[in-house]
Each structure stands twice: as structure tokens, then as C-alpha cells.
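J.: Can you read through this structure? Questions will come right after.
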Amino acid sequence: MSNKNILVLGAGVSGLTTALKLLESGHKVTIWSKDPAGESPATSFNAYAFWLPVKSDQDLRVERWANETYAAFEQLARNTSSGVVMRKVFELKVSQEEPWYGQKLPFFRHAAPNEVTNQYKDAHILDSAPVIDPVVYLPWLRSKVAAYGAIFAQKEVSSLSECPAEFELIVNCTALGARQLLGDQELYPARLQVLKLKHNGFDQVVFDSEGPNKLCCVVPQSDYIKVGAVYDERNESMEVDDEVTAGILDRVTKMIPGFKADPQDVLSVTRCLRPKRAATRVEPEKLADGRWVVHNYGHNDTGYIISFGVAAEVAGYAVTLQ
Ligand SMILES: Cc1cc2nc3c(=O)[nH]c(=O)nc-3n(C[C@H](O)[C@H](O)[C@H](O)COP(=O)(O)OP(=O)(O)OC[C@H]3O[C@@H](n4cnc5c(N)ncnc54)[C@H](O)[C@@H]3O)c2cc1C
């Protein structure tokens, strides 16, 4: 196998996981990102970051990527410093139906009658799914990547042709940044508002995707509980809205009776943007100078869910592309 000198653009969950896989395969990796390392990028840092089964009719690889990623996170959950734990995940439902993955996942079950309130008819429950705390996991991942010898720099690239010739392969993990970088018109932002609450002891992920508290989502981490959302497409204002905050607090207490979420429990409020695209773009493209770029962006709400599977796919391209 020929080891390459590779430039990864982007240091969110996609860029860092891809860098890790490339380093594990023996490549030399440099990572450039527009945002400063530390508290950014906003999208990966503010995600709920839990695992759900996903598939896509547009790209049959997605289901496999998710399954591979489940296995990787399940391993990482054994390492207490990684920020990954396994928790119960409840998707509250207003009807009884079998999800597409019902027969595929041994850790899936429907709710028992005493597990849902009378607002709901059922819950799709994953008894053990990875929940990742981005505040712990991303720095952990970055230090793992650094320990393998990756070189980090804060640099914004405005054209792929700017990437110096010493890099034999470029991997594009720029998420929404690909709009400017490539002019990809299929990408657009979906804006969410999320709150961090003081911990109240609640320890399960619960979300309502269709019912009376639609889009409300609760994700406990070890030091705080993340609650959202409100979903708003093609709006990039990062200004937080106090009425939205009040609405989220109201819905979460309706969704989970007895859940303590008072205004004084709010530690922070953030707006963040998901990179929306009809299909995640994971494919190689030949540049005018004969080099290859492998695109890995447009992950919507699955950036964590498929991160390790996609990264392994990109590492495969790094071997085969000449
Ligand atoms: C509230 C919320 C909840 C979510 N919940 C989940 C969930 O539960 N599970 C899940 O899997 N996903 C979830 N997501 C989606 C997930 O956060 C994203 O899919 C994921 O973070 C995308 O990661 P990324 O690394 O591709 O992008 P980003 O985190 O946006 O990183 C992009 C990187 O590219 C860099 N960059 C951009 N342009 C340039 C340029 N021109 N030159 C150099 N660098 C550049 C940036 O500096 C940054 O480092 C959620 C998102 C939000 C907002």
C-alpha cells in the first residue's frame, strides 16, 4: 500500500474522524480548518450527537456506515475519557407502527404501556445506543489525531486549487463551507436552537418526531442536559430568540411530565446550523491538476451517526485512487 501525504479540510466530527482513519492506515495527514480549534466548529460542538438507525434510498451505503459507526462508538463507550456512553433512546410516537429497522436491531423494542404517557401511543426504544458528548469527545478525538502526528492549522481555503502540490490527496470535510468552496447549490442550512440545562438526574434520550411536542429533544450528558429544538430552514441568523427558549422549556415539561426545566436552570442558549443536502456527498472527484479530492460533506443530522463508516470509506478511496 502506498502511503500518501493528505490534506483534510475541516476539523468537525467528519474531518477529525476521517483524519483518524487515514492516520491509522499509515498516511501523513494535515488538517486545515477555518474555525479556531477549541470551542468550534459550532455545528459539531452543538449537536445532540446520539446514534439512531439511518438509511437512504439515494445512497445504499448509509445504513452500513451507521452500523459500522455504532460498533465503533460501542467500543469507545468502554473508555470513560472518550465522552461516549450507551443510553436508552426513546422516540415517542402517536401511532403504532413497525419501523424499518424493527427486525434488524436486537436492541430495539416497542414501549410497554407504562413507558409512555397518554399523549403518545408508543415509543420506539433503543435499549442501548451511543450518546456522544461533543464537548468531551471532540477534544478527545483531536488529541488522538494529534498523537498520531497530524499537523493542524487554522486556514480557510477559498478554492481547492489553493491546496499546495505537496498534498497528493485532498479530503473535503467543510460541511456548509462547501457552498463557497465548490459553489454547491444543493447545500443549505437548517437552523436549530438548543439549550444546555443544569443536570436534574434524568438519564435517557427522549424525542418527539411527530406528536404534540414535535421536534422537542432531550439529551442528557454527564454534566448538563441538552434540550432543543425548533427547526428553521435557510435562515442563518445566529441570534437566539427568548420566546423560542420559553417554548422549548414548555414543551419539554409537557413531553416528560415531572422533568425539571425552569428558566434559572438554563446554562446557555445557542443557535446552530445543520448542513442540509438531499444526499450526503461521499465521492472522489478529479481536479484539473490531476489530483483527487474526496468529498465528505452534507451530513444533515447524521454527522455523528455515520462518522466512522464514512471515514473508513474515505480511507478506502485513499488507497485505490491514483
Ligand atoms: C442541534 C443539532 C443536533 C444534531 N444532532 C445530531 C445527532 O444527534 N446525531 C448526528 O449524527 N448528527 C447530529 N447533528 C448533525 C451533526 O452535528 C452534523 O452532521 C455534523 O456536526 C457535521 O459535521 P462536519 O464535521 O461535517 O461539519 P462541521 O462541524 O460544520 O465542521 C466543518 C469544518 O469545516 C471547516 N471549514 C468550512 N469551510 C472551510 C474552508 N473553506 N476552509 C477550511 N475549513 C473550512 C470549519 O472550520 C469546520 O472545522 C446535529 C446538528 C445540530 C445543529
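J.: Can you give me the % of accessible surface on segment 145-205 that is carbon or sulfur? Probe 1.4 Å, all protein chains present, nothing else counted.
T.: 47 percent
J.: For V116, what is the net charge nearby, where nearby means another residue's Cβ is under 9 Å from its Cβ and Lys, Arg count +1, Asp, Glu -1?
T.: Net charge in that neighbourhood comes out at 0.
J.: Quick check: the distance between the Cα centres of segment 236-308 and segment 74-129, to the nearest angstrom?
T.: Comparing the Cα centres of segment 236-308 and segment 74-129, I get a distance of 21 Å.
J.: Show me the ranking of peptides 258-270, 132-144, 16-28, 231-243 by mean Cβ neighbours inside 10 Å, starting with the highest.
T.: Going by the mean number of other Cβ atoms within 10 Å, highest first, we get 16-28, 132-144, 258-270, 231-243.
J.: Once the Cα gyration tensor of segment 187-304 is diagonalised, what are the square roots of 5 times its eigenvalues, in whole Å and ordered largest first, as equivalent ellipsoid semi-axes?
T.: 34, 15, 13
J.: In vacuum, with every alpha carbon of segment 5-320 counted as one equal point scatterer, what does the Debye formula give for log10 I(q)/I(0) at q = 0.09, 0.10, 0.16 Å⁻¹? Two decimals, please.
T.: Log-scaled intensity ratios, in q order: -0.46, -0.57, -1.39.
J.: In this model, which of K104/K144; K21/K196; K34/K144 are farther than 24 Å apart at the alpha-carbon?
T.: K104/K144; K21/K196
J.: Something else about it: Report in % the part of the accessible area of segment 1-128 that belongs to carbon and sulfur, leaving out ligands and nucleic acids; probe 1.4 Å.
T.: That share works out to 50 percent.
J.: Can you compute the FRET efficiency between R61 and K144 using 1/(1 + (r/R0)^6), with r the Cβ-Cβ distance and R0 = 25 Å? Round to the nearest 0.05.
T.: Efficiency, rounded to the nearest 0.05: 0.50.
J.: Leaving out ligands and nucleic acids, and using a 1.4 Å probe, what accessible area per residue does the chain come to in Å²?
T.: Averaged over the residues of the chain, the accessible area is 44 Å².
J.: With each run of n ≥ 4 DSSP H residues scored as -39500 (n - 2.57), what mean residue ellipticity at 222 nm is computed for the chain after dividing by its residue count and rounding to the nearest 500 deg cm²/dmol?
T.: -7500 deg cm²/dmol
J.: Could you give the length gained by full extension between A42 and T270, i.e. 0.36 nm per residue of separation minus their alpha carbon distance, to one decimal place?
T.: Gain in length upon complete extension: 81.2 nm.
J.: With an 8 Å cut-off on Cα pairs and a minimum separation of 6 or more residues, tell me the relative contact order of the chain in percent.
T.: Computed value for the chain: 25 percent relative contact order.
The values are calculated or read from the model by the stated rules, or taken from the named source; none is laboratory data. Owing to the predicted nature of the structure, the values given are computational and were not obtained by experimental measurement. Please note: Cβ atoms are built from the backbone with ideal geometry, for glycine as well, and neighbour counts cover all protein chains shown. SASA here: full protein model, heavy atoms, side chains in, ligands and nucleic acids out. Shrake-Rupley method; radii C 1.70, N 1.55, O 1.52, S 1.80 Å.
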